[in-house]
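Okay, so here's the structure we're looking at.
The values are calculated or read from the model by the stated rules, or taken from the named source; none is laboratory data. Here the structure is a predicted model, which is why all the values come from computation and not from measurement. Positions of Cβ are backbone-derived with ideal geometry, glycine not excepted, and every protein chain shown enters the neighbour counts. Just so you know, the surface numbers come from the protein's heavy atoms only, side chains and all, with ligands and any DNA or RNA stripped out. Shrake-Rupley method; radii C 1.70, N 1.55, O 1.52, S 1.80 Å.
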Amino acid sequence: MTQQQLICMYIALLASRSTSQRQRISHIRRTSQEKHLVVLRDGRTLIGYLRSVDQFANLVLHQTVERIHVGRKYGDIPRGIFVVRGENVVLLGEIDLERETDTPLQRVSIEEILEAQRVQQQERQEAEKTKSKALKERGLSIPRTDALDEY
């Protein structure tokens, strides 16, 4: 599918709004030059330039980074071009570049954020085991969260 066809489809999606065609086209051009944040169903956060979108909300992001947050620290892992299937998109929004630098979070290296993420996941697993054990002692059980996503 060519970029012009994608732009036409995007215009058709925006046609339900009461803005003029000129405003819609300028919105598309402006949107392709702005950074976007995408939150996926599995909890990952991607930041990149939106290059295309289709009627199923499938996205193509350019110069993408995966941002990992742990506590008050964050790290960015470069991912390049990223294709996201529409059913995995939870949130899509533009990033205000002026406010992006005004963050109380501390940027750390990739290695440091991955280690912090690993430690955080281990702590969550231990807490989940403790909770499950306590519920089991009381005769209760909770369904596994990974089993809920199978259907």
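If only the Cβ of Lys and Arg carry +1 and only the Cβ of Asp and Glu carry -1, the dipole of segment 27-132 around its Cα centre is close to 160 debye. In the full protein context, segment 97-144 carries 92 Å² of accessible surface per residue, based on a 1.4 Å probe and ignoring ligands, DNA and RNA.
Give the shape of segment 70-140 as rounded, prolate or oblate, defined through the alpha-carbon gyration tensor: a ≥ b ≥ c are the square roots of its eigenvalues, a/c under 1.5 means rounded, and otherwise the shape is prolate if a/b is larger than b/c and oblate if not. Judged from the Cα gyration tensor, segment 70-140 comes out prolate (a/c at least 1.5, a/b above b/c). What is the percent carbon and sulfur in the accessible area of segment 45-151, measuring with a 1.4 Å probe over the protein chains and ignoring ligands? Carbon and sulfur: 51 percent of the exposed surface of segment 45-151.
Below 16 Å, Cα to Cα, which aspartates and glutamates can Lys129 reach? Residues fewer than 8 away in the same chain don't count. List returned: Glu137, Asp146.
Amide hydrogen proximity for Ile95: with H placed 1.01 Å from N in the peptide plane, the residues at 5 or more positions away or on another chain lying under 5 Å are Lys35, His36, Leu37. For the pair Arg118 and His62, label points projected 7 Å from Cα toward Cβ lie 3.6 nm apart. The relative contact order of segment 41-90, computed from alpha carbon pairs under 8 Å that lie at least 6 residues apart in sequence, is 37 percent.
Say R0 is 22 Å: what FRET efficiency, to the nearest 0.05, do Thr101 and Arg44 get from their beta-carbon distance? Working from the Cβ atoms, E equals 0.45.
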